[in-house]
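The values are calculated or read from the model by the stated rules, or taken from the named source; none is laboratory data. It should be emphasised that the depicted structure is a prediction, and the values quoted were computed from it without experimental measurement. Glycine also receives a Cβ, built like all others from the backbone with ideal geometry; neighbour counts cover every protein chain displayed. When the accessible area is computed, the model is the full protein with side chains, heavy atoms only, and any ligands, DNA or RNA have been set aside. Shrake-Rupley method; radii C 1.70, N 1.55, O 1.52, S 1.80 Å.
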Amino acid sequence: MTQTQYIAEQVSASVKSIDNTLQLLNEDCTIPFIARYRKDRTGNLDEVVIEQIAKLAQAYEAIVKRKEAIIKSIEEQNALSPELEEKINRSFSLNELEDLYLPFKKRRKTKADTARENGLEPLAKIIMAQNADDIDFIASKYLNDKVANEDEALQGARDIVAEWINENAYIRKTLRKIFGRKAAITTKAVKAADPEKAKKFEQYLDWSENLTKAPSHRLLAMLRAENEGIIKIKVEIDADEAIDFIENSVIKNNRETAIHLKKAIDDSYKRLLYPALSNEVLQEAKAKADAVAIQVFAANLQQLLLAPPLGEKRILAIDPGYRTGCKIVCLDEKGDLLYNETIFPHPPQNEQGIAMKKIRSMVNAYKIEAISIGNGTASRETEAFIKKIAFDKPVQVFVVSEAGASVYSASKIAREEFANYDVTVRGTVSIGRRLSDPLAELVKIEPRAIGVGQYQHDVDQNMLKDELDTVVMRCVNSVGVNINTASKSLLGYVSGIGEKLAENIISYRSENGPFEDRKQLKNVPRLGEKAYQQAAAFIRIPNAVNPLDNTAVHPEAYPVIEKMAKSLGLKPAGLISNKEAIAKINIDDYVTPDVGRLALQDILKELEKPGIDPRKSAKVFEFDPNVKSMSDLRAGMVLPGIVNNITNFGCFVDIGIKESGLVHISQLKEGFVSDVNEVVKMHQHVTVKVVEVDEARKRIGLSMIIG
C-alpha cells in the first residue's frame with residue numbers, strides 16, 4: 001500500500017489532491033500557506049483536511065519504520081520465512097504487526113522459557129498435535145534432574161502451549177474485536193480512599209457500562225479517579241465466551257490431550273491474553289477520549305483567540321483585589337504602558353472617595369476610552385464602583401477573563417517586556433491588552449494555561465501541545481499580523497517564521513525602523529526565499545508604499561493584479577475597494593498554469609474588501625447587579641451570562657460570580673442536541689435560568705430553556 005492509498009482510505013479527498021498536498025508539505029510549505037494560496041493544487045482542501053493528511057503521512061512513515069525494524073530483528077534471529085515477511089509487508093495495523101512480532105520479541109524470562117530449558121518443548125508439541133493418548137506415560141519420558149514427575153512435565157508443557165496460544169495472531173485479532181465490541185468498564189470504590197476527594201467522583205464509586213459507549217469526559221473522569229486512588233477500574237468481556245472461542249479454534253478432538261489443552265487455554269487467557277488485551281483496549285479508548293477532549297479544547301481555544309477585539313483604544317485596566325488593592329495601568333493605543341497605580345476602594349481600607357478621584361484623573365490625563373476589569377476576586381464590586389464614577393465623557397466598561405494572566409506575568413516574555421515592573425503590573429497590562437486584541441495577547445500564554453479545556457492535564461500532553469499550537473497558528477494567520485507592532489510571540493506563529501526569525505524581525509525593526517514594503521523582509525538575517533514565500537501574505541504593513549502590502553494578496557499575485565489594472569486603465573492601487581472596476585474583470589482571461597480560478601477568485605474577493613479582520617467587534621456586557629455570590633442565587637432566577645467553556649456534555653456560563661454554572665446539553669434548547677457548538681459559542685452572551693444551587697459542592701445547574 002502506498003502512502004497516498006493509506007491516506008485516501010481515511011480522508012475524504014481525491015488521490016490527486018492528496019498527492020499534490022503531500023508534495024507541497026514535502027517542499028516545506030506550511031498548512032496555512034497551502035490552504036490559502038495553493039487551492040488550485042489541493043482541490044480547495046481546507047486546513048483541517050490538510051492537517052489530517054499531514055498527520056496520516058507521519059503515521060504511515062511510522063508504520064513503515066516499524067515494519068523495517070521488525071523484519072530486521074526477525075532476520076537477525078534467522079527466523080524470517082517468506083510467508084511471515086509477506087504478512088508483515090501486507091499489514092498496516094500496528095497492533096497486527098506487534099502480534100506477528102510477539103513470538104520473536106525480546107522479553108523477560110517466562111514460565112515457558114523455563115519449561116523449554118527443561119526440555120519440555122517436544123512434549124508441548126505432542127499435546128498441541130492432539131494425536132496421542134496415555135499422555136502421562138509419554139510425559140514420563142521427559143523427566144530429568146529439573147523435572148521431578150509427570151505432573152511437573154505436563155505443567156511445563158502446558159506453560160509452553162499457553163504461550164503459543166497467546167502468540168497466535170488469529171486468536172489475538174479475534175479477541176481484540178470482541179473486546180472492541182463488548183468490553184465493559186467497571187469501577188469499584190477503594191475503601192481507604194479520602195472521603196473528601198471521593199465526593200467529586202460519587203458517580204463512579206460503583207459504575208459499569210460498555211467501554212465503547214463511555215463518552216470522552218466520563219472515561220477521563222474515571223481514569224482521574226483511579227489515579228487519585230479513589231476507585232479501581234476493570235475492563236472485561238465474558239471470560240467464558242472468550243475461552244469457548246479459543247477452545248473451538250485450538251481443540252480438534254476429544255482425545256486425552258484435550259484436557260491439557262483446556263487447562264492451557266484457561267491459563268493463557270487469564271494470565272496472558274486478558275491482561276494484555278484489556279489494557280490495550282483501555283489504552284485505545286483513552287487515546288480516543290484524549291483526541292475528543294483535545295478537539296473540544298482546541299475548538300474553545302480557537303473561539304477564544306478569535307474573540308472580538310476592541311481595537312486600538314486607550315485603555316485603563318484594573319486587576320481587582322480587596323486587602324492588596326486594585327492594580328491600575330493605563331495603556332496607549334498600541335498597548336504600551338503609560339502609567340500604573342494602586343487604589344483601595346474595597347474593605348478593609350474602603351478609600352472610595354480617593355480612588356474615584358484617581359480614576360477620574362487618570363481617565364482625563366491619558367484620554368482613556370475604555371476600562372478593562374479582570375473577572376477574578378472583587379470583580380463585581382470593582383465594576384459597580386467604576387460605574388458610580390461620573391466621567392466627563394462616555395467610557396465603555398468591560399469585564400474580561402483574566403485566565404492565564406498570572407502565568408503570563410511570571411513568564412520570560414513578560415520579564416523581557418516589563419523588566420522594571422513586578423508581576424502585578426504585568427498581569428494588569430495583560431488584562432488591558434486582551435481587551436484591545438485578545439489574539440495578540442493570548443499567544444504569549446501557554447495555551448494549556450488559558451483555562452478553556454476539560455481534563456487538559458489528563459490527556460496526552462504531546463498531542464495536546466501539537467494541536468493547540470496548530471490552532472494558534474491557524475488563528476494568527478487567518479487574521480494577519482501588523483509586522484510593525486507585532487510582538488515576538490505573535491510573529492513566531494506567522495506561517496514560515498518561527499521563534500528565531502521572529503527575534504531577527506524584531507531586531508531588524510529596532511535598528512532600521514518600521515517596514516515600508518514586504519520585500520524588506522528579505523533583508524532580515526536568515527529569512528530566505530522559502531520563508532518569504534510562506535510568510536509574506538500573512539503580514540500586514542499599514543501605510544505601505546504598495547497598498548497591496550496591507551492586504552492578504554500574496555506578492556506572487558501582484559503581476560496578475562497589474563495586468564488586471566492595466567486592462568482597465570488603472571494602477572493596481574486603483575482596484576482596491578473598487579467594486580465597479582472589479583466587476584468588469586473576467587477571471588478566465590487571467591488563468592495560467594501557476595494561477596488558477598480559485599486563486600483568482602480569492603484575489604478579487606480580497607481586493608473588494610482588503611484586509612478585513614474576520615473577528616467581530618467587542619460588545620459591552622452587564623451581569624445582574626443583584627447577584628454577587630452563590631448565596632444570592634435562587635432556583636427559577638433568569639440571569640444574563642457569558643459562555644466561558646464548552647464541553648461535549650454542555651457549556652459553562654459565567655453569571656458574574658466566582659463559580660460558573662453548567663448548562664447540560666439537554667438544557668441548551670428544546671429537542672435533541674448532538675453537538676454543543678451548534679447552539680453556543682465561546683463568549684456568547686446568553687440568558688439562563690437557575691435550576692439548581694448546591695453550595696456545599698459549589699455547583700450551579702442552569703438552563704437556556706427559559707419558558
Any helices (runs of 4 or more DSSP H) falling wholly within the stretch 13-61 and containing at least 3 residues that are at pLDDT 95 or above, open to solvent by less than 20 Å² (accessible area, probe 1.4 Å) and hydrophobic (A, V, I, L, M, F, W, C): 15-26, 31-37
Flag if Lys125 is surrounded by fewer than 18 Cβ atoms within 10 Å (Cβ to Cβ), more than 20 Å from Lys252 (Cβ to Cβ) and charged (D, E, K, R): no
Where a residue in the stretch 342-370 is within 20 Å of Pro394 (Cβ to Cβ) and its partner, wherever it lies, is open to solvent by 60 Å² or more (accessible area, probe 1.4 Å), with Cβ under 6 Å and at least six apart: Tyr366/Leu338; Glu369/Lys313; Ala370/Lys313; Ala370/Gln396
Matching option when the condition is within 24 Å of Ala370 (Cβ to Cβ) and modelled with pLDDT of 95 or more, among Val452, Val481: Val481
Arg509 vs. criteria assigned to a helix (DSSP H, G or I) and under 30 Å from Arg415 (Cβ atoms): yes
Hey, Pro447 modelled with pLDDT under 95 and surrounded by 20 or more Cβ atoms within 10 Å (Cβ to Cβ) or not: yes
Some residue of the stretch 522-530 being farther than 21 Å from Asp613 by Cα and of a type in the set (Asp, Glu): yes
Residue within the stretch 540-559 that is surrounded by fewer than 18 Cβ atoms within 10 Å (Cβ to Cβ) and of a type in the set (Ser, Thr, Tyr) present: yes
Pairs, first under 14 Å from Ala537 (Cα atoms) in the stretch 490-511, second among the basic types (Lys, Arg) and in a helix (DSSP H, G or I), C-beta under 8 Å, six or more apart: Gly496/Lys530
Residue among Pro610, Pro614 that is modelled with pLDDT under 95, buried (at least 16 other Cβ atoms within 10 Å of the Cβ) and outside any helix (DSSP H, G or I): Pro610
Long-range neighbours under 7 Å by Cβ, at least six apart or interchain, first residue under 26 Å from Phe179 (Cα atoms) within the stretch 243-263, second of a type in the set (S, T, N, Q) and surrounded by fewer than 16 Cβ atoms within 10 Å (Cβ to Cβ): Phe245/Thr174
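Okay, residues lined up against (1) more than 21 Å from Glu163 (Cα to Cα); (2) of a type in the set (D, E, K, R):
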| position | (1), (2) |
| --- | --- |
| Lys191 | yes, yes |
| Ser208 | yes, no |
| Glu241 | no, yes |
| Asn248 | no, no |
| Arg255 | yes, yes |
| Lys270 | no, yes |
Qualifying positions in the stretch 364-412 - surrounded by 18 or more Cβ atoms within 10 Å (Cβ to Cβ), closer than 20 Å to Thr342 by Cβ and hydroxyl-bearing (Ser, Thr, Tyr): Ser372, Ser379, Thr382, Ser406, Tyr408, Ser409
Segments classed as helices (runs of 4 or more DSSP H), wholly inside the stretch 207-311, with at least 3 members that are open to solvent by 40 Å² or more (accessible area, probe 1.4 Å) and over 30 Å from Asp133 (Cα atoms): 216-227, 274-305
For Asn131: the one exception among (1) touching a residue at least 60 places away in the same chain (Cβ under 8 Å); (2) of a type outside the set (D, E, K, R); (3) open to solvent by less than 50 Å² (accessible area, probe 1.4 Å); (4) under 25 Å from Ile251 (Cβ atoms): (3)
Wholly enclosed helices (runs of 4 or more DSSP H) of the stretch 437-497 bearing at least 3 residues not aliphatic (A, V, I, L, M): 461-479
Those helices (runs of 4 or more DSSP H) lying entirely in the stretch 71-187 with at least 2 residues under 30 Å from Gln58 (Cβ atoms): 82-90, 94-101, 169-182
Residue within the stretch 576-590 that is on the phi > 0 side of the Ramachandran plot and either without any contact (Cβ under 8 Å) to a residue 12 or more places away in the chain or open to solvent by 40 Å² or more (accessible area, probe 1.4 Å) (or both) present: yes
Residues within the stretch 512-539 that are open to solvent by less than 60 Å² (accessible area, probe 1.4 Å) and in contact (Cβ under 8 Å) with a residue 40 or more places away in the chain, tallied: 6
